[in-house]
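Note sheet for the following structure.
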Amino acid sequence: MIQHDVVIVGAGLAGMRCALEACKELDVAVLTKVYPSRSHSGAAQGGIAASLGNSEPDSWEEHMFDTVKGGDFLNDQDAVEEYVKAAPRIIYELEHMGCVFSRTPEGKIAQRSFGGHSKPRACFSADRTGHAILHALHEQLMKNSRSVKIYNEWYMHSLVIDGDQCNGVIVSNIQTGEVEVIRAKAVVFCTGGYGRVFKITSNAFASTADGVMAAFEVGIPLEDPEFVQFHPSGLYRQGILFSEAARGEGAYLLNDKGERFMETYAPSRMELAPRDIVARAEQSEMDAGRGINGEDCIHLDLRHLGEARIMERLPQIRQLAIDFLGIDCVTDPLPIQPTAHYSMGGIPVDNNCHVILDSEGTKMHGFFAAGECACVSVHGGNRLGTNSLLDAVVFGERAGKSVLEYARGRDFGNVNEGQEKARVLEKFEDIFQREGSESYNQIRDEMKEIMMSHCGVFRDEQRLKTCIETLKGLQERFKKGKVTDKGKLFNTEIYEIMELGNMLGMAVIIATAALERRESRGGHYRTDFPKRDDKKFLYHSMVYDSPDGLVIKTKPVVITKYQPAERTY
Amino acid sequence: MATFRIKRFNPEKQPEPYFEEFQLDIPDGATLLDCMNQIKWTLDGSLSYRMSCRSAICGSCAVKSNGHALLACQRQAEHLVDNNDTITLEPLGNMKPVKDLVVDFTPFWDKVNKIKPYLEPKEEPPVKERRQSQEEFLVIDDASTCIMCGACYSDCNTLEVDDNFLGPAALAKAQRFVGDSRDSKTLQRVQDLSEPGGIWDCTHCAECVERCPKPARPFDRIKEIMTVALEEGVHNNNGARHALSFTNSVKRSGNLNENRIPVESMGIFNIPGLLSLIPVGLRMLLKGKVPPILHHSIEEVRDVKRIFKELDQ
């Protein structure tokens with residue numbers, strides 16, 4: 001049995017920042033199903049928020065207010081306050097580690113405007129900010145390679161739980177197919193989001209709900225899963241991200257008539273309204289037949305910015321659009337559409353990243369989570385752009401500190417290695433043995449299609465019910481598939497099947513929570529209940545598993561400074 | 001209908017790799033990765049390759065297509081089809097195949113680790129950020145776009161004959177620190193990078209620049225490190241001596257003194273090194289390849305000297 005003081009699952013920004021903290025005193029393992037530098041944090045483009053005030057005076061209070069208003073007042077404000085206060089220090093530390101940032105004429109970290117932020121507070125490295133931070137953290141991990149062991153291309157299957165105590169994880173080596181148990185004093189999940197359940201998504205193939213579902217399967221609820229962010233600028237059909245920084249730099253959104261339609265939806269902020277509002281505006285235009293040539297896309301126009309500015313500030317994504325669409329944004333507008341981008345919900349944690357089981361804050365001892373897979377909740381019903389990289393780094397560091405505090409001087413728990421291993425081996429065996437005729441590919445496509453059309457930007461009771469029924473049918477068909485590759489060596493097929501199983505489970509959870517929330521707030525919009533309803537729904541959803549199906553309980557929202565008010569831009 | 005000729009390898013089943021052909025209609029606008037997924041998901045689930053972000057930033061999906069390394073997610077499939085309507089896919093080169101298009105990246109990462117890929121700052125950091133001008137940022141901007149996909153490593157001609165070479169990606173990563181105004185170890189770094197296996201073992205073929213899917217362009221970065229090494233006075237190695245001797249020869253006479261360069265590159269006091277040249281010299285003598293003993297300047301040598309003078313200014 002492998003043994004480490006701490007196992008961190010996921011090697012994106014949160015996981016690596018956590019490792020750097022925990023390895024100061026502990027023996028740390030970081031497990032990733034890819035390589036650290038391949039984590040999806042690296043795809044973040046536009047920036048990371050902090051009230052440095054490098055281009056205009058700014059304050060943490062303004063950052064906090066913008067975040068809470070952007071989140072449609074579902075954010076836990078005590079957590080938001082700690083988070084925005086930590087932001088400047090966190091950015092300076094990244095700079096000290098060597099992270100490469102674009103600079104102001106005085107040599108300070110450059111900052112640009114972003115949707116929903118009242119001040120230019122997005123610190124950036126051209127249009128590859130996530131990449132810059134990811135590599136800076138990876139460099140620090142390589143520097144600390146004596147105290148951090150990285151398990152590249154290992155898959156996490158399940159948590160080892162004893163009552164209210166987490167004692168490790170069951171994993172397998174993708175390269176060899178060997179199943180192993182890693183015993184640990186504490187486990188940290190930094191497993192990212194689950195945008196792959198939707199047809200059009202900016203997410204990597206790896207963003208498949210493995211972490212959240214592993215938590216859910218051992219009885220941990222999921223908080224606010226109905227809140228999924230649709231990013232307004234996914235490249236048409238592909239869904240891959242074209243940074244909000246384009247609008248931050250001044251790009252326009254145009255419908256088929258050439259109108260800057262945001263005037264109708266958010267006259268004061270125009271293209272720089274929060275993402276939920278812009279994505280809905282786009283969808284409304286398309287639904288009204290004003291998409292470009294009547295299709296499901298609208299135009300993002302950067303032409304007036306000029307080639308020089310585009311090359312200085314947005315060079316990578318210009319190339320991206322040339323490679324993927326054959327369109328140069330210097331000379332032509334880009335067709336874009338809303339794309340599933342970020343999960344505001346996730347594994348419920350307290351402000352120190354310790355996983356909790358209920359609204360009373362009962363802990364699952366030894367189990368922590370940070371980053372997109374966790375729900376603190378600092379983003380409430382809708383996350384502002386550039387707040388996610390900040391979330392990952394702030395709470396990654398905090399999880400590291402918490403886990404250090406927790407595991408220091410503690411003994412390892414009891415783990416029955418054979419029994420735990422057998423659980424996962426059975427899962428493998430079950431899939432290998434299936435001799436059905438269903439196509440996993442077909443099932444995955446149908447899931448993505450129904451989630452997009454019935455549980456996407458606009459939702460209603462009828463569509464959600466159909467969606468859930470369809471998904472349950474797909475879960476049944478999932479049991480009747482057949483695997484081609486029965487080998488152990490780098491069998492990517494078997495892992496894709498396991499990921500699909502997780503995604504189907506997650507999709508049902510999202511749709512069920514969306515059906516239950518009969519109001520519209522942030523990224524969750526019900527056409528049959530188009531208003532926010534604070535009297536009935538100003539709470540966090542907590543979705544539990546039970547023998548009779550999913551059960552939804554509630555958890556109060558922490559409100560300190562800002563009382564819920566009407567949200568207009 | 002296009003043919004995808006894919007090199008298959010599964011040592012669990014048979015020890016030797018072989019090619020297998022798949023027929024696929026390339027959908028409009030499909031990337032090479034989209035096609036590979038279509039093959040995997042509808043024709044043969046056992047096909048293995050790496051992928052993740054599909055937006056050319058994670059660096060997972062580099063493979064060889066028609067003999068050259070590229071990122072599968074970044075390229076439109078129809079642009080890759082050859083005259084026979086075929087796309088030939090193989091695993092990256094210079095690394096050991098694991099299964100199908102998956103290779104073992106261990107040596108790649110070991111070499112990245114070797115260049116001490118982290119900032120060694122000058123002093124205790126200030127409370128806020130260190131200042132760095134936009135110009136200083138631009139020196140490391142290109143190198144920092146590297147996504148570690150291994151395309152350059154795969155097609156590097158030096159690596160094909162010399163395992164010890166650090167390779168283009170690790171050296172580009174090294175430039176990101178050599179050129180960083182915040183780093184304190186510039187001299188140490190260029191000394192280490194001038195050792196065998198480092199910058200001077202690059203053959204200047206620039207294949208890595210052709211293969212790089214980002215603006216990192218490793219060979220350009222290698223040249224930048226060479227410049228810094230010479231500026232820092234790190235001359236005590238064959239590569240630097242060769243570069244200096246080469247320059248001096250052209251400066252003096254307008255062409256290369258081929259008798260002098262090998263001797264100067266080896267170092268005039270490097271007796272064992274010079275002795276090692278004798279067999280080569282003898283073989284050249286036997287084949288009638290020895291350059292003339294008396295070296296002549298070209299007629300326009302004054303113009304050459306003027307160019308050097310202007311460059312010096």
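Would you check if B:S65 is among the small types (G, A, S) and within 7 Å of chain A (Cβ to nearest Cβ)? No: the conditions fail for B:S65. Residues in segment B:6-47 that are of a type in the set (K, R) and under 32 Å from the mean Cα position of the chain (by Cα) were compared, and the one that is farthest from the other protein chains (Cβ to nearest Cβ) is B:K7. B:P292 meets the conditions (1) open to solvent by 40 Å² or more (accessible area, probe 1.4 Å); (2) in a helix (DSSP H, G or I); (3) at pLDDT below 90 in every case but one. The failed one is (2).
Could you grab the pairs with beta carbons closer than 6 Å, sequence gap of 6+ or different chains, first residue in segment B:63-86 and under 15 Å from B:C212 (Cβ atoms), second one among the charged types (D, E, K, R) and part of a strand (DSSP E or B)? Pairs that qualify, where the first residue is under 15 Å from B:C212 (Cβ atoms) and the partner is among the charged types (D, E, K, R) and part of a strand (DSSP E or B), are B:K64/B:E90.
Being of a type outside the set (D, E), over 18 Å from A:L334 (Cβ atoms), touching a strand residue (DSSP E or B) at 6+ places or on another chain (Cβ under 9 Å) and part of a strand (DSSP E or B) is a condition met by no residue of segment A:191-198.
Residue check: is A:S172 more than 10 Å from chain B (Cβ to nearest Cβ), open to solvent by 10 Å² or more (accessible area, probe 1.4 Å) and either in contact (Cβ under 8 Å) with a residue 60 or more places away in the chain or not basic (K, R) (or both)? No, not satisfied.
For segment B:52-74, the set of residues classified as part of a loop (DSSP other than H, G, I, E, B) and either modelled with pLDDT under 95 or surrounded by 22 or more Cβ atoms within 10 Å (Cβ to Cβ) (or both) consists of B:S52, B:C53, B:R54, B:S55, B:A56, B:I57, B:C58, B:G59, B:S60, B:C61, listed by residue number.
Residues that are open to solvent by 10 Å² or more (accessible area, probe 1.4 Å), touching a helix residue (DSSP H, G or I) at 6+ places or on another chain (Cβ under 9 Å), more than 10 Å from chain A (Cβ to nearest Cβ) and not aliphatic (A, V, I, L, M) are absent from segment B:123-135 altogether. Restricting to segment B:75-119, and then to whatever is open to solvent by less than 10 Å² (accessible area, probe 1.4 Å) and assigned to a helix (DSSP H, G or I), can you tell me which residue is farthest from the other protein chains (Cβ to nearest Cβ)? Per the stated criteria, the residue is B:A77. Under the condition of being within 13 Å of chain B (Cβ to nearest Cβ) and out of contact with any Cys (no Cβ under 9 Å at 6 or more places or on another chain), which residue from segment A:19-45 is most open to solvent (accessible area, probe 1.4 Å)? Only one residue fits best here, namely A:K33. Of the residues A:E62, A:E81, A:E56, the single one that is surrounded by fewer than 23 Cβ atoms within 10 Å (Cβ to Cβ), in contact (Cβ under 8 Å) with a residue 12 or more places away in the chain and not in a helix (DSSP H, G or I) is A:E56.
Among the residues of segment A:499-511, some residue qualifies, meaning at least one is closer than 24 Å to B:T42 by Cβ, within 14 Å of chain B (Cβ to nearest Cβ) and modelled with pLDDT of 95 or more. Annotation note: Cβ proximity below 6 Å between a residue of segment A:407-426 that is closer than 15 Å to A:L159 by Cβ and touching a residue at least 60 places away in the same chain (Cβ under 8 Å) and a residue that is open to solvent by 40 Å² or more (accessible area, probe 1.4 Å) and of a type in the set (A, V, I, L, M) (sequence gap 6+ or interchain) occurs for A:E417/A:M1. Kindly indicate whether any position in segment A:240-261 is of a type in the set (A, V, I, L, M, F, W, C), without any contact (Cβ under 8 Å) to a residue 40 or more places away in the chain and over 29 Å from A:V543 (Cα atoms). Yes. Residues being hydroxyl-bearing (S, T, Y), in a loop (DSSP other than H, G, I, E, B) and free of Cβ contacts under 8 Å to residues at least 60 places away in the same chain are represented in segment B:175-196 by at least one member. Here A:G70 fulfils each of the conditions (1) within 14 Å of chain B (Cβ to nearest Cβ); (2) open to solvent by less than 20 Å² (accessible area, probe 1.4 Å) apart from (1).
Within segment B:15-40, the set of residues being open to solvent by 60 Å² or more (accessible area, probe 1.4 Å), at pLDDT 95 or above and outside any strand (DSSP E or B) comprises B:D25, B:Q38.
Filtering segment A:85-115 to residues that are of a type in the set (A, V, I, L, M), out of contact with any strand residue (DSSP E or B) (no Cβ under 7 Å at 6 or more places or on another chain), open to solvent by less than 10 Å² (accessible area, probe 1.4 Å) and at the interface with chain B (Cβ under 8 Å from one of its Cβ atoms) leaves only A:V100.
Conditions (1) outside any helix (DSSP H, G or I); (2) free of Cβ contacts under 8 Å to residues at least 40 places away in the same chain; (3) open to solvent by 70 Å² or more (accessible area, probe 1.4 Å); (4) at negative phi, marked per residue:
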{"site": "A:E469", "(1), (2), (3), (4)": "no, yes, yes, yes"}
{"site": "A:E499", "(1), (2), (3), (4)": "no, no, no, yes"}
{"site": "A:I552", "(1), (2), (3), (4)": "yes, no, no, yes"}
{"site": "A:I559", "(1), (2), (3), (4)": "yes, no, no, yes"}
{"site": "A:R567", "(1), (2), (3), (4)": "yes, no, no, yes"}
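Within this structure, A:A209 passes the test of being at positive phi, open to solvent by less than 10 Å² (accessible area, probe 1.4 Å) and either within 12 Å of chain B (Cβ to nearest Cβ) or not hydroxyl-bearing (S, T, Y) (or both).
Looking across segment A:116-129, just one residue is facing chain B (nearest Cβ under 9 Å) and either aliphatic (A, V, I, L, M) or at positive phi (or both), and that is A:A126. Scanning segment B:160-169 turns up at least one residue that is within 14 Å of chain A (Cβ to nearest Cβ) and either at pLDDT 95 or above or closer than 30 Å to B:V102 by Cβ (or both).
Yes or no, residue by residue, for (1) modelled with pLDDT of 95 or more; (2) in a strand (DSSP E or B):
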{"site": "A:C99", "(1), (2)": "yes, no"}
{"site": "A:G115", "(1), (2)": "no, no"}
{"site": "A:H131", "(1), (2)": "yes, no"}
{"site": "A:L137", "(1), (2)": "yes, no"}
{"site": "A:Y155", "(1), (2)": "yes, yes"}
{"site": "A:C166", "(1), (2)": "yes, yes"}
{"site": "A:I182", "(1), (2)": "yes, yes"}
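Scan segment A:212-256 for residues that are of a type outside the set (A, V, I, L, M), in a loop (DSSP other than H, G, I, E, B) and open to solvent by less than 10 Å² (accessible area, probe 1.4 Å) and the total you get is 10.
Across segment A:130-155, the qualifying residues are those that are within 9 Å of another protein chain (Cβ to nearest Cβ) and touching a Ser or Thr at 6+ places or on another chain (Cβ under 7 Å), and the one among them that is most open to solvent (accessible area, probe 1.4 Å) is A:N152. Restricting segment A:301-319 to residues that are within 11 Å of A:S243 (Cα to Cα) and among the aliphatic types (A, V, I, L, M) leaves a set whose member that is farthest from the other protein chains (Cβ to nearest Cβ) is A:L314.
The values are calculated or read from the model by the stated rules, or taken from the named source; none is laboratory data. Just so you know, these numbers come straight off a predicted model, no measurement behind them. All Cβ positions, glycine included, derive from the backbone under ideal geometry; neighbour counts span all protein chains shown. Just so you know, the surface numbers come from the protein's heavy atoms only, side chains and all, with ligands and any DNA or RNA stripped out. Shrake-Rupley method; radii C 1.70, N 1.55, O 1.52, S 1.80 Å.
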